[in-house]
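First comes the structure, then the notes that go with it.
Throughout, read-outs are computed from the coordinates displayed, never taken from laboratory work. Small disclaimer: the values here were computed from a predicted structure and weren't measured. When we count neighbours, we look across all protein chains shown, and the Cβ atoms used for this are built from the backbone with ideal geometry, even at glycine.
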């Protein structure tokens, strides 16, 4: 570096440390001082002489002018009682659990007998330090002590919406008392720009959307207005104001904008539209919509698939766009024609990737994040609520056919107007059964739109969003297949499990997917927690509706080709061809749905698949020299929760390896197939 380089480095470090220290002092002083009523009124359009007057104005506004188009509790309750009685029971039960300080977070129930500590991780008890956000980075990097997802799920406050709805539908002020307590303790525990809850704009955006939705339902409560409403408005403004200057675009230049930015700007637009009383609300709304237009286009393939190659985030973005489009259609936001086009294409992808039970393939990462979380702990992977809302918005009879019913989430989003449009729409099955999404490299082969159909999902496109060094939420799942036979899951994706810890890589590497590994080399090399190097790319080389072929250049010197064919109902064929100078090891992984058992057949070239003790299917390979091993592995359909399932691991080793070698697999449903492969089942 030399003497001048050393001085520059020392100066840079000293300047950075001084800046962080100064920020800590400044925002520490502001946080201790708090926001006065005069300061809050000064950030409004200055039409009110007191906070009480402002609150009275907000209480008198039409309910549907906030986030959801519901004006009268009695009418909404009547429709829910008729169409979704189980939901009414569930939402009140969830609100009652909140009163007992019990919260359901990502499929698990957490108890907080002494009240919620908003800085404590619910899983491990680790407590995050309350320091200025400029000093938080070292705690949330790759060496952080615990996983953050459940902690952030707690601090997204979507249970505030549950409490608000329960109060609105029942009039029971005890639900408001809980919300008041949680709101006040959170504000006290998270002073302005202090603590990990101020670190990511994404978390702030989801939180203020939840706050805004809850406010719609509790602003008629005297207890809320007297006790917490003023603090609510001040903190809401602080968080929205912070968000405008801490968007993902303003952080490190090397970051590739992803779902974080989309969520941030969608939240700005929606909150800006819901609170026009704030002086900067129009700027929030317009800046949010302008960025959302550009980023939704940039982050979505022309065929409607989210570029992160992670189905869970596809759902998350579609939910955000549904909120924005719904508010636009209601007149609360300006027209959003570009977003409507993108949303319709995204929902078409949801349509064709629906399994016989409505679930989606679990490609890539998922943190199970929801825009508002209105579904009361329903299966995250059932995407049909998106289709039911979309069917009403876009008049799509094929979406209604697959959605089957107007889900309660769709009703909350679109109200009785959406319900009437749904009822006036005649359901029709989609004209196509199979569908390719060539820009994204996703392909679907399906027999028919029935509950007992065969369907397979095949992935052969870009690895993920951003390319080399990025691709944060991608997995090593190129040329992988997910399959259902006779309406039942057969081959599954292993899922995500967690974003931190020793099993992080287990779930995202090649062996966790129904694909091929050559010479013990991963498809890409993972960096800690997120991002990748040596990123490959697959491409589709043939597609006909019942046949798809993809190719992958593997480790820079070997080309792998995989063909998936569906010659008839109940029969699937895979042909894997290896070309190049491999050193001699080919390994296959096939992950079977939980509840299925496997047994290697006596000819040692096939496995019989059993469901509840009865023959279900058989999978065999034509070539000799391939060894088959049945093993236990892990499957995760919910964040932080895993279960055992069975996998078939196959290996072929030869040195020197042929320049070209093909391996043919066949899957058949049970009965007729068992005798064919020579099992010991008689």
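Using the Cβ-Cβ distance between residue 293 and residue 627 with R0 set to 56 Å, the FRET efficiency from 1/(1 + (r/R0)^6) comes to roughly 0.55. Rounded to the nearest 10 degrees, the inclination of helix 73-83 to the longest alpha-carbon principal axis of the chain is 20 degrees.
Spin-label model, residue 577 to residue 537: label points 7 Å out along the Cα-to-beta-carbon direction sit 2.2 nm apart. Decide, for region 501-606, between rounded, prolate and oblate: order the square roots of the alpha carbon gyration tensor eigenvalues as a ≥ b ≥ c, take rounded if a/c falls under 1.5, and otherwise choose prolate if a/b is larger than b/c, else oblate. The shape class here is oblate. Mean projected area of the Cα convex hull of region 435-676, taken over all directions, amounts to 12.8 nm².
Note on residue 249 and residue 519: the extension gain reaches 93.2 nm, defined as 0.36 nm multiplied by sequence separation minus the Cα-Cα distance.
Stretching the chain fully between residue 503 and residue 120 yields a gain of 135.6 nm (0.36 nm per residue, less the alpha carbon separation). Using C-alpha pairs below 8 Å separated by at least 6 residues, the relative contact order for the chain is 9 percent. Remark: spin-label model distance residue 341-residue 379 equals 3.5 nm, labels positioned 7 Å along the Cα→Cβ axis. Angle check, please: helix 281-298 long axis (alpha carbons) against the longest principal axis of the chain (alpha carbons), in degrees 0 to 90, nearest 10. It is inclined by approximately 10 degrees.
Estimated from the Cβ-Cβ distance and a Förster radius of 45 angstrom, the FRET efficiency linking residue 452 and residue 127 is about 0.30. The order of the peptides 603-613, 386-396 by mean Cβ neighbours within 10 Å, most packed first, is 386-396, 603-613. Measuring nothing but how far apart in sequence close Cα pairs (under 8 Å, 6+ apart) lie, relative to its length, region 435-676 scores a relative contact order of 18 percent.
What is the packing order of peptides 133-139, 92-98, 557-563, taking the mean over residues of other C-beta atoms within 10 Å and listing the highest first? Walk me through the numbers before you get to the answer.
Details: 133-139: 15.7, 92-98: 17.9, 557-563: 19.9.
Per-residue mean Cβ counts within 10 Å order the peptides as 557-563, 92-98, 133-139.
Hydrodynamic radius of the chain by the Kirkwood approach over all distinct alpha-carbon pairs: 26.8 Å. Reported value for region 344-442: 102 Å³ per residue, from the convex hull of its C-alpha atoms.
Is region 33-144 best put as rounded, prolate or oblate by its Cα gyration tensor, with a ≥ b ≥ c the root eigenvalues, rounded for a/c under 1.5, and otherwise prolate when a/b is larger than b/c, oblate when not? Because a/c hits 1.5 or more and a/b fails to exceed b/c, region 33-144 counts as oblate. With each label modelled as a point 7 angstrom along the Cα→C-beta vector, the residue 220-residue 283 pair spans 3.5 nm.
Taking packing as the residue-averaged number of other Cβ atoms within 10 angstrom, the listed peptides 204-214, 57-67 run from highest to lowest as 204-214, 57-67.
Our note on the geometry: Cα centres of region 325-403 and region 537-601, 30 Å apart.
Rounded to the nearest 0.05, what FRET efficiency do residue 89 and residue 181 give with R0 = 25 Å and r taken as the Cβ-Cβ distance? Could you check? Spell out each step's value before the answer.
On the way: r = 24 Å, r/R0 = 0.98.
It comes out at approximately 0.55.
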